[in-house]
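Reading through the structure tokens given below for one structure.
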Amino acid sequence: MSAIATEKRVLLTIVTEGVIENALLDDLDGLGMRGYTVSDARGRGNRGLRDADWDETANIRIEILCTRSLAQRLLAHLQARYYANYAMVAWLNEVEILRPEKF
């Protein structure tokens with residue numbers, strides 16, 4: 001059995017306030033992201049406990065598989081537009097993917 005061919009990409013993960021979801025997804029589309037996954041998130045950070053049960057305090061988690069250059073462009077945009085006014089963290093992980101034409 002031969003090895004499965006993979007390619008490297010990054011997984012960009014963003015956890016932020018649900019109140020900015022629509023604006024943030026519009027930004028992702030405008031910056032050329034081909035796809036993303038959004039899910040509810042809850043936890044505790046330096047801004048206290050965040051519970052996904054209340055719309056006003058809900059957090060979301062957005063995951064995007066993309067090239068490093070696209071991820072860095074998005075991170076710069078997030079930092080300039082959202083970091084000062086919203087609870088938001090983001091990180092990158094290098095991953096290996098199948099079907100690279102989708103990302």
Residues meeting the amide H criterion for C66 (H placed from the backbone, H to H distance under 5 Å, 5 or more places apart or on another chain) are V10, L12
Between the Cα axis of helix 68-81 and the main Cα principal axis of the chain, the angle (0 to 90°, nearest 10) is 10 degrees
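Using a probe radius of 1.4 Å on heavy atoms only, what accessible surface per residue do you get for the chain? Whole Å² is fine.
On a per-residue basis, the chain sits at 67 Å².
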Cα shape, the stretch 57-103, gyration tensor, a/c 1.5 rule: prolate
Value of [θ]222 nm, deg cm²/dmol, for the chain, DSSP H segments ≥ 4, -39500 (n - 2.57) each, nearest 500: -7000 deg cm²/dmol
Over the chain, one equal point on each Cα, no solvent: what is log10 I(q)/I(0) by the Debye formula at q = 0.17 Å⁻¹? -0.79
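The values are calculated or read from the model by the stated rules, or taken from the named source; none is laboratory data. Quick caveat, the model's predicted, so the values are computed rather than measured. Ligands, DNA and RNA are stripped out before the accessible areas are found, and what is left, the full protein with its side chains, is counted by its heavy atoms. Shrake-Rupley method; radii C 1.70, N 1.55, O 1.52, S 1.80 Å.
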